[in-house]
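**Student:** Below: one structure in structure tokens.
The values are calculated or read from the model by the stated rules, or taken from the named source; none is laboratory data. Please read these numbers as outputs of a predicted model, since none were measured by experiment. Because the Cβ atoms are built from the backbone with ideal geometry, glycine has one as well, and the counts that use them run over all protein chains shown.
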Amino acid sequence: MQISGKDVGQLAFLSRLDLTADDLTICTKSLNEILGYLTVLEELDTGAVKPALHVRPIKNVLREDALQPGLEREQVLANGPEVEDGAFVVPRIV
Amino acid sequence: MDRYEAVIGLEVHVELKTKTKLFCGCSTEFGQAPNTQVCPVCLGLPGSTGVLNKKAVELAARAGLALNCQINTDTWFDRKNYYYPDLPKGFQITQVFQPIAVQGYLDIKAEDRDKRVNINRVHIEEDPGKLVHASGSIMTSRASFVDYNRSGVPLVEIVSEPELRSGAEAKAYLEKLKAILEYTGVSDVKMEEGSLRCDANISVRPSGSAILGAKAEIKNMNSFRAVQRAIEYEVERQIEVLEEGDSVTQETRTWDESQGITMAMRSKEDVDYRCFIEQEIAPVELTADWVENMRATIPELPDARRRRLVDEHGLPDYDAGVITSSLSLAEFFEATLEKYEDAKKISNWIMGELLRLLNARGMELGESKVTPGGLASLLQLIDKGTISNKMGKKVFAVMFQEGREPQQIVKEKGLSQISDVDRLAEIIAEVIGKNPKPVADFQSGKEQAIGFLVGQVMKATKGQANPGAVNSMLRERLAK
Ligand SMILES: [Zn+2]
């Protein structure tokens, strides 16, 4: 499987990465190399293997509906570049 | 026959009645100061991992069962990826591929027709945070404020099949859905607090066509009435577009309550959610026994209760429908019925005075002070003739406001009818003595003169006498 520069451009947009044309060329080349390594897996016969839903063999990990203390608001907002009246401020959305 | 047919599907988001969030122990309490109910999990801080709330799974299953769904005993969570400031992780944990409940239905009655509306799915997901826009509208704001208290609150999304055909049907569907979720304790279903929210997908097509037209998704409707109005407006709008030979644009539109119109919203990037199975949250495997235990917790639902009120207590179907549309009203009715036996009289007072006062003040039953025992005592006072029906309404208004016993209110305000015959006879004798002219007029055949004399007695008793009794006692005296 090969991906195009256009695919990588879309991926960069979705990841909010600002790539230059050179970056894009390099990324496309290395991503295709990585995908190449994975083709090894295609040589395996997985016909008898049940598709895995989850990477770990666990299920039903549940907790009771009980309150746990959270964070103090000062701590919460400490990471916000702009804060007003206890809320995070974000620039115009649309 | 109409030339066009509307095709409407509803997506309803309902907050589950849990104490804590879906994947963390933060409180779900409404109305707290911004960002005071958050932790690393619901803030999406790197390295944090949530654990699924058992109660949320139970409530979601209960919602599915109450809506006649099949429960998927193998169910899991998925990631829906998109960028938006209310979503701190950059993805929402939801159920895309294997929702907890599928293929249900609910029965409604709208425009005098019974209809079964199929439900496509009920899935569990986390609520995003809440955005407040600086200038009130997202379109014109220079900035928005983000509160993550709501981030991670457990929701179920209930998706109907596109089988609704009018705004009235949509409203009836929502009312029934709300009642079922209230009866089963799944949610508070308070639209004004955002614990029930509804989006509508609407398209129109020529009647008889099987092909679906381009649909518009309508958001921002804040009441059931608004949903009905928005649908009616949007259906008309789309028909006009088609009549003019244009085609409907597939888009998201927002309902403007004050103008009564829908408006196109500027659309975001082409959304590709790149959904995949969530690996941080373990899959859920339910047993058939667990499902049956959950089914056993489902109480009598609105339709069954309505039939019972008709069959056991002889209520008219209409009354039973109004009373069972809300759990609190139905419980109030039955509690009153334990202390007073005339079901129809109770229903008249609930549908008349109680609902009138609640609606006029925009209140929930729980916010009024009147009790079932109070209403029963009031009806007994009226039956005994201590107070008239009309005065009963005044007393009821005081009970509604202050919650005291009707006997006490009647006594304090001196509202009781003078039914003491001796006392009344004294007053009547006095009035006859003071008004020789009208007395003579009546005795010489002027029938209308009695009205004046009754009026004088009522005045003398400050309105506390029973006018009928006064009338007959006066006639008796004057005939002598
Ligand atoms: Zn939290």
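**Student:** What pairs come up if the first residue lies in region B:240-265 and is in contact (Cβ under 8 Å) with a residue 60 or more places away in the chain, the second is assigned to a strand (DSSP E or B) and aliphatic (A, V, I, L, M), and their beta carbons are under 8 Å apart, counting only those six or more places apart or on different chains?
**Tutor:** B:Leu242/B:Val204
**Student:** Do we find that B:Lys80 is without any contact (Cβ under 8 Å) to a residue 24 or more places away in the chain, away from the ligand (no atom under 15 Å from the Cβ) and out of contact with any Gly (no Cβ under 7 Å at 6 or more places or on another chain) in this structure?
**Tutor:** So B:Lys80 does not fit the description; no.
**Student:** Let me ask something else. If the requirement is being away from chain A (no Cβ under 14 Å), at positive phi and not hydroxyl-bearing (Ser, Thr, Tyr), which of these qualifies: B:Gly167, B:Gly194? I'd like the intermediate steps shown before the answer.
**Tutor:** Details: B:Gly167 fails: at positive phi.
After ruling out the rest, the residue left standing is B:Gly194.
**Student:** How many residues does region B:1-31 contain that are within 13 Å of the ligand (Cβ to nearest atom) and either more than 22 Å from the chain's Cα centre (by Cα) or of a type in the set (Lys, Arg) (or both)? Lay out the reasoning, then the answer.
**Tutor:** If we filter region B:1-31 for residues that are within 13 Å of the ligand (Cβ to nearest atom), which is where we start, we get B:18-29.
After this cut, where a residue has to be either more than 22 Å from the chain's Cα centre (by Cα) or of a type in the set (Lys, Arg) (or both) as well, the list is B:19-27.
So the count comes out to 9.
**Student:** Would it be correct to say that B:Cys42 is within 16 Å of the ligand (Cβ to nearest atom) and modelled with pLDDT of 95 or more? Before you say what the answer is, go through the steps one by one.
**Tutor:** Values: within 16 Å of the ligand (Cβ to nearest atom): yes; modelled with pLDDT of 95 or more: yes.
Yes: the conditions hold for B:Cys42.
**Student:** Shifting gears a bit: For region B:346-353, state whether one or more residues are in contact with a His (Cβ under 9 Å, 6 or more places away or on another chain), crowded, with 21+ Cβ neighbours inside 10 Å and not β-branched (Val, Ile, Thr).
**Tutor:** yes
**Student:** Quick test of your reading of the structure: B:Lys434 fulfils all but one of (1) at pLDDT below 90; (2) not assigned by TED's automatic domain parsing to the domain that holds B:Met391. Name the failing condition by number.
**Tutor:** Going through the list (1) at pLDDT below 90; (2) not assigned by TED's automatic domain parsing to the domain that holds B:Met391, B:Lys434 breaks only (1).
**Student:** Here's a follow-up. List the number of the failed condition for A:Val76; all other conditions in (1) in a loop (DSSP other than H, G, I, E, B); (2) at the interface with another protein chain (Cβ under 8 Å from one of its Cβ atoms) hold.
**Tutor:** If we test A:Val76 against (1) in a loop (DSSP other than H, G, I, E, B); (2) at the interface with another protein chain (Cβ under 8 Å from one of its Cβ atoms), just (1) comes out false.
**Student:** Further, regarding this structure: Please determine whether any residue of region B:107-115 is buried (at least 19 other Cβ atoms within 10 Å of the Cβ), in a strand (DSSP E or B) and not acidic (Asp, Glu). I'd like the intermediate steps shown before the answer.
**Tutor:** Filtering region B:107-115 for residues buried (at least 19 other Cβ atoms within 10 Å of the Cβ) gives B:108, B:110.
Checking which are in a strand (DSSP E or B) leaves us with B:108, B:110.
This time we only want the ones that are not acidic (Asp, Glu), so: B:108, B:110.
Among the residues of region B:107-115, at least one is buried (at least 19 other Cβ atoms within 10 Å of the Cβ), in a strand (DSSP E or B) and not acidic (Asp, Glu), which makes the answer yes.
**Student:** Now for a different question. Consider A:Asp65 carefully, then state whether it is in a loop (DSSP other than H, G, I, E, B), of a type in the set (Asp, Glu) and more than 7 Å from every other protein chain (Cβ to nearest Cβ). Explain how you work it out, then say what you get.
**Tutor:** On the way: in a loop (DSSP other than H, G, I, E, B): yes; of a type in the set (Asp, Glu): yes; more than 7 Å from every other protein chain (Cβ to nearest Cβ): no.
So A:Asp65 does not fit the description; no.
**Student:** What do you reckon, is B:Glu278 touching a Gly at 6+ places or on another chain (Cβ under 6 Å) and surrounded by 16 or more Cβ atoms within 10 Å (Cβ to Cβ)?
**Tutor:** Numbers: touching a Gly at 6+ places or on another chain (Cβ under 6 Å): no; surrounded by 16 or more Cβ atoms within 10 Å (Cβ to Cβ): yes.
Here the answer is no, as B:Glu278 does not meet what is asked.
**Student:** If the requirement is being more than 22 Å from B:Tyr273 (Cα to Cα), in a loop (DSSP other than H, G, I, E, B), of a type in the set (Val, Ile, Thr) and more than 10 Å from chain B (Cβ to nearest Cβ), which of these qualifies: A:Thr39, A:Thr46, A:Thr25? Reasoning before the result, please.
**Tutor:** On the way: A:Thr39 fails: in a loop (DSSP other than H, G, I, E, B); A:Thr25 fails: in a loop (DSSP other than H, G, I, E, B).
Checking each option against the conditions leaves just A:Thr46.
**Student:** Continuing with this model, one more query. Only one of (1) surrounded by fewer than 17 Cβ atoms within 10 Å (Cβ to Cβ); (2) within 10 Å of chain A (Cβ to nearest Cβ); (3) not in a loop (DSSP other than H, G, I, E, B) is not met by B:Tyr84, so which one is it?
**Tutor:** The failed condition is (3).
**Student:** List the pairs whose first member sits in region B:287-309 and is surrounded by 13 or more Cβ atoms within 10 Å (Cβ to Cβ), whose second member is outside any helix (DSSP H, G or I), and whose Cβ atoms are under 7 Å apart, counting only residues at least 6 apart or on separate chains?
**Tutor:** B:Val291/B:Ile71; B:Val291/B:Thr73; B:Ile298/B:Thr184; B:Pro302/B:Ser325; B:Asp303/B:Asp107; B:Leu309/B:Leu315
**Student:** Please indicate, with yes or no, whether at least one residue in region B:2-9 is within 10 Å of chain A (Cβ to nearest Cβ), closer than 28 Å to B:Lys178 by Cβ and either touching a residue at least 12 places away in the same chain (Cβ under 8 Å) or not in a loop (DSSP other than H, G, I, E, B) (or both). Step through it out loud before you land on a result.
**Tutor:** In the first step, residues of region B:2-9 are kept if they are within 10 Å of chain A (Cβ to nearest Cβ); the result is none.
No.
**Student:** Sticking with this structure for a sec: Name every residue in region B:41-59 that is part of a loop (DSSP other than H, G, I, E, B) and facing chain A (nearest Cβ under 7 Å), in order of residue number. Before you say what the answer is, go through the steps one by one.
**Tutor:** Of the residues in region B:41-59, the ones part of a loop (DSSP other than H, G, I, E, B) are B:41-51.
Within region B:41-59, B:Leu43, B:Val51 qualify.
**Student:** Out of B:Val122, B:Val117, B:Val156, report the one residue that is at pLDDT 95 or above and over 30 Å from B:Val38 (Cα atoms). If you could, list the steps in order and put the result at the bottom.
**Tutor:** Numbers: B:Val122 fails: over 30 Å from B:Val38 (Cα atoms); B:Val156 fails: over 30 Å from B:Val38 (Cα atoms).
Just a single option satisfies the conditions, and that option is B:Val117.
**Student:** Let me ask something else about it. Pick out the one residue from B:Glu125, B:Glu232, B:Glu193, B:Glu182 that is farther than 30 Å from B:Glu5 by Cβ and in contact with a helix residue (DSSP H, G or I) (Cβ under 7 Å, 6 or more places away or on another chain). Full working, then the answer.
**Tutor:** On the way: B:Glu125 fails: in contact with a helix residue (DSSP H, G or I) (Cβ under 7 Å, 6 or more places away or on another chain); B:Glu232 fails: farther than 30 Å from B:Glu5 by Cβ; B:Glu193 fails: in contact with a helix residue (DSSP H, G or I) (Cβ under 7 Å, 6 or more places away or on another chain).
When all the criteria are applied, what remains is B:Glu182.
**Student:** I'm checking my understanding of the structure. Among residues of region B:50-71 that are more than 22 Å from the chain's Cα centre (by Cα) and over 30 Å from B:Pro40 (Cβ atoms), which one is farthest from the ligand (Cβ to nearest atom)?
**Tutor:** Within region B:50-71, the match that is farthest from the ligand (Cβ to nearest atom) is B:Gln70.
**Student:** In this structure, does B:Ile231 turn out to be more than 14 Å from the chain's Cα centre (by Cα) and surrounded by fewer than 19 Cβ atoms within 10 Å (Cβ to Cβ)? Even if it seems obvious, please write down each step before you answer.
**Tutor:** Details: more than 14 Å from the chain's Cα centre (by Cα): yes; surrounded by fewer than 19 Cβ atoms within 10 Å (Cβ to Cβ): no.
Criteria not met by B:Ile231.
**Student:** Filter region B:330-364 for residues that are assigned to a helix (DSSP H, G or I) and of a type in the set (Asp, Glu) and give the result. First the steps, then the outcome.
**Tutor:** Residues of region B:330-364 that are assigned to a helix (DSSP H, G or I), as a first pass: B:330-337, B:343-361.
B:Glu331, B:Glu334, B:Glu353, listed by residue number.
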